[in-house]
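Trainee: Structure below; questions to follow.
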Amino acid sequence: MSWLCHRRCRHCYEDRFRPYAGEELRQVVDDAQGSFAKVIANFPEQMTYLDATVGPEPQQGRIILAGGEILLDPVRETVLYPALELLHAKYKDRGGVKLIVQTTGDTLRPRMVEELLARNVWMISVSGIDSFHEGLEQIGAQQALVAKLTAMFESAGMTAFGQIADKTGDAEGAGPYFQFFGAQPGTWIGQLWPRGRAWTNGISTATIADNFCNQWSGGLNFLQYKQKGSEVSVEPNGNVYPCCAKTKKPIGSLLEEPLEAMLERLQGHPAYEAISMGHPERMGISKGWSVERFLAESTVTRPDGSKYQNLCIGCDRFHDEGLI
């Protein structure tokens, strides 16, 4: 929802997530304020999906609202809160929706929790529990923050969410829930995407075997928008991407086109179908890029001079060639 953050973490996948001041801060806040209502207007009329494993009834979808740090003062009450109210009003009589607010956690206060719950937030997801965040380098500091926030959440009547981050959409019950995760080794995001400061600082440990496309927050099933598992990422300016790691080129803008129309327009597009199947190495076959060539194009020299190979790099190269 906004590029504003109070940190400039060395592992962040997006350089634009950082502190802003003066005229830059005003511009970032103005951009967020001017976009969110237009973006929401182009969301689907119903935020539901089908899951054959649980029966024929539509299941409530989810919308994750995040930054940067969306709970910072300049954007919390002027962007996040009115967006939550708008989303609840849009879907309350159309099957409902699960509203999730994602935060690093260290800016949370009891009053904020109460204000979020009053705006029908289903889950508060704390994403900053890892050693990359300043002040949380040691396990003890992470445990202390988790304990502090757990007490805060429980005093507000919230329940710990018992599943891992990539199962957020599967919970039964009305909530409200809280959840913790971070970029720890061995977790779904632990290898770090080859993006932003994580790339510049050379700290992504992903290999060619780490297919970020073929998992939650990747492009997997993004075109199957009426089925379980479909998810897209939206920037503050309305640009839409098939994954959180983000392709070099957006698939469209929610300031100009409804999301469902955008996804229908891409049905059958060879490159985007490959992404949606979780096989980005096949995205260039119709353009003469064999799988072998894609894997070769996925190799690059990092800023620190070391060799690196990951499918996201091949996807970037394919976009850079103007073939998408």
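Trainee: How high is the relative contact order of the chain, given as a whole-number percent (alpha carbon pairs under 8 Å, six or more residues apart)? Kindly include the intermediate steps, with their values, before the conclusion.
Mentor: Details: 579 pairs, mean separation 54.9, N = 324.
Contact order relative to length: 17 percent.
Trainee: Considering only DSSP beta bridges where both residues belong to region 1-131, give the percentage that are antiparallel (nearest 5). Before the final figure, lay out the partial values.
Mentor: Values: 3 of 13 bridges.
Of the beta bridges lying entirely in region 1-131, close to 25 percent run antiparallel.
Trainee: Something else about it: Kindly flag which residue pairs out of K148/K248; K38/K249; K228/K248; K98/K246; K148/K246 have an alpha-carbon separation exceeding 31 Å in this structure.
Mentor: Details: K148/K248 39 Å; K38/K249 21 Å; K228/K248 26 Å; K98/K246 23 Å; K148/K246 33 Å.
Those over the limit are K148/K248; K148/K246.
Trainee: About the Cα centre, and with charges only on the beta carbon of Lys, Arg (+1) and Asp, Glu (-1), how big is the dipole of the chain? Nearest 20 debye, please. Walk me through the numbers before you get to the answer.
Mentor: Values: 32 positive and 39 negative charges, 52 e Å.
The calculated dipole for the chain is roughly 240 debye.
Trainee: So who's got an amide H within less than 5 Å of the one on Y177, skipping anything under 5 residues away but keeping other chains? H placed 1.01 Å off N, in plane.
Mentor: Amide H neighbours of Y177: M123, I124, T159.
Trainee: Follow-up question, since we're still on this one. Carbon and sulfur: what percent of the chain's accessible surface (1.4 Å probe)? Walk me through the intermediate numbers first.
Mentor: Numbers: 7490 of 14700 Å².
Carbon plus sulfur share of accessible area: 51 percent.
Trainee: Moving on to the next point. Determine ³J(HN,Hα), in whole Hz, for all residues of region 64-79 in sequence, where each value follows from phi through the Karplus function 6.51 cos²θ - 1.76 cosθ + 1.60 and θ = phi - 60°; x replaces Gly and Pro.
Mentor: 9, 9, 8, x, x, 10, 6, 8, 5, 3, x, 10, 5, 8, 9, 10
Trainee: Only helical DSSP H runs with n ≥ 4 go in: add -39500 (n - 2.57) per run for the chain, normalise by residue count and round the 222 nm mean residue ellipticity to 500 deg cm²/dmol. Please list the in-between numbers first.
Mentor: Numbers: 9 runs with 93 residues, N = 324.
After summing the helix terms and dividing by the residues of the chain, the value is -8500 deg cm²/dmol.
Trainee: Could you tell me which of N42, T78, A21 has its Cα farthest along the dipole of the chain towards the positive end, charges placed at Cβ (Lys, Arg +1; Asp, Glu -1), taken about the Cα centre?
Mentor: A21
Trainee: Further question: Tell me, what is the percent relative contact order of region 38-151, built from C-alpha pairs under 8 Å that lie six or more residues apart? Show your work: numbers first, answer last.
Mentor: Values: 131 pairs, mean separation 26.8, N = 114.
Once divided by the residue count of region 38-151, the mean separation gives 24 percent.
Trainee: If packing is taken as the average count of other Cβ atoms within 10 Å, what order do 119-128, 24-33, 11-20 fall into, highest mean first?
Mentor: Working: 119-128: 21.5, 24-33: 15.9, 11-20: 18.2.
My ranking of the peptides, most packed first, is 119-128, 11-20, 24-33.
Trainee: Relative contact order for region 216-297: what is it in percent, counting Cα pairs under 8 Å that are at least 6 residues apart? Numbers along the way, then the final one.
Mentor: Values: 117 pairs, mean separation 20.2, N = 82.
Averaging sequence separation for qualifying contacts and normalising by length gives 25 percent for region 216-297.
Trainee: Of all DSSP beta bridges located in the chain, what percent are antiparallel, nearest 5? The partial results should precede the final answer.
Mentor: Numbers: 10 of 27 bridges.
Counting DSSP beta bridges with both partners in the chain, the antiparallel share is about 35 percent.
Trainee: Return the long-range amide H neighbours of Y20 (sequence gap of 5 or more, or a different chain), with a cut-off of under 5 Å between placed amide H atoms.
Mentor: C5
Trainee: Also, quick follow-up: Show me, for region 132-139, the HN-Hα J-couplings you get by feeding each phi into the Karplus relation (A = 6.51, B = -1.76, C = 1.60, θ = phi - 60°), rounded to Hz, glycine and proline as x.
Mentor: 7, 8, 4, x, 10, 4, 9, 4
The values are calculated or read from the model by the stated rules, or taken from the named source; none is laboratory data. Remember, predicted model here, so these are calculated numbers, not experimental data. We place every Cβ from the backbone using ideal geometry, glycine too, and count neighbours over all the protein chains shown. The protein model used for the area step is the full one, side chains on, heavy atoms only, and it has no ligands, DNA or RNA in it. Shrake-Rupley method; radii C 1.70, N 1.55, O 1.52, S 1.80 Å.
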